[in-house]
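These notes concern the structure reproduced below.
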Ligand SMILES: [Zn+2]
């Protein structure tokens, strides 16, 4: 094989060459590109949080959801594996431990939202027609895509918008409360928060939908119809007033006596 190598016809000396580029010259850009190809060649089992950017519909599963902007941002970070969960912090040498604050297992994004026993309890107690198949999820974006398809049963007070994104938000905030405030939030509380958020969201989205009239005006009953029949004497003229059901008529007749020019006399009320 060595004999098959043909030396340079012009007698050039041997030198090092960077094979990924055509001219053999090393560049940081080509090095980054080669590294990204190495990462993508790793199997899903070793990179469970890597998003499937080819098939994942970002518009449908995140940006077009009827939920708050901060929840959409959280979902996007989760799908990108960009949340500061234990595994990512340990990978960047920010923390020594990647333990989940709820169960002690390694806290990946997939674990926090779909695999942790705490998260499983929240999902299984949520009012869905069918519980999500959490054990089948292998990536976070697959989980987000799947729970977005769940049908929520219609208890009153839920309001509009899907419940799944709000559960993911509640799981994230409950995790942060436990880590930073040392406050344990029960499964029931996490569910309750996720189900109460829509009203806040709706108020924020459409503040003009709330009536702004004075409540005393709203509750005031309508005026009763005018029912009277009266007569008065004015400057020698007798005035008969009759009204019924809002209509009225005024008739004047000459009075026999002008002694009391402005003395009303009511026939009956
Ligand atoms: Zn856990």
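If I filter the stretch 176-188 down to residues being under 18 Å from residue 124 (Cα atoms) and in contact with a helix residue (DSSP H, G or I) (Cβ under 8 Å, 6 or more places away or on another chain), which single residue comes out as surrounded by the fewest Cβ atoms within 10 Å (Cβ to Cβ)?
In this case the residue turns out to be 188.
Anything in the stretch 78-94 that is crowded, with 16+ Cβ neighbours inside 10 Å and over 23 Å from residue 196 (Cβ atoms)? List them, or say none.
Answer for the stretch 78-94, where residues must be crowded, with 16+ Cβ neighbours inside 10 Å and over 23 Å from residue 196 (Cβ atoms): 79, 80, 81, 83, 85, 86, 87, 88, 89, 90.
For the stretch 72-86, which residues satisfy the criterion of being over 15 Å from residue 138 (Cβ atoms) and either part of a helix (DSSP H, G or I) or near the ligand (Cβ under 10 Å from one of its atoms) (or both)?
Within the stretch 72-86, 72, 73, 74, 75, 76, 77, 86 meet the criteria.
So, in the stretch 95-147, how many residues would count as being outside any helix (DSSP H, G or I), more than 16 Å from the ligand (Cβ to nearest atom) and either crowded, with 17+ Cβ neighbours inside 10 Å or not assigned by TED's automatic domain parsing to the domain that holds residue 76 (or both)?
The total comes to 4.
The values are calculated or read from the model by the stated rules, or taken from the named source; none is laboratory data. All values reported here derive from a predicted model rather than from experimental measurement. Virtual Cβ from ideal backbone geometry, glycine too; neighbours counted across all protein chains shown.
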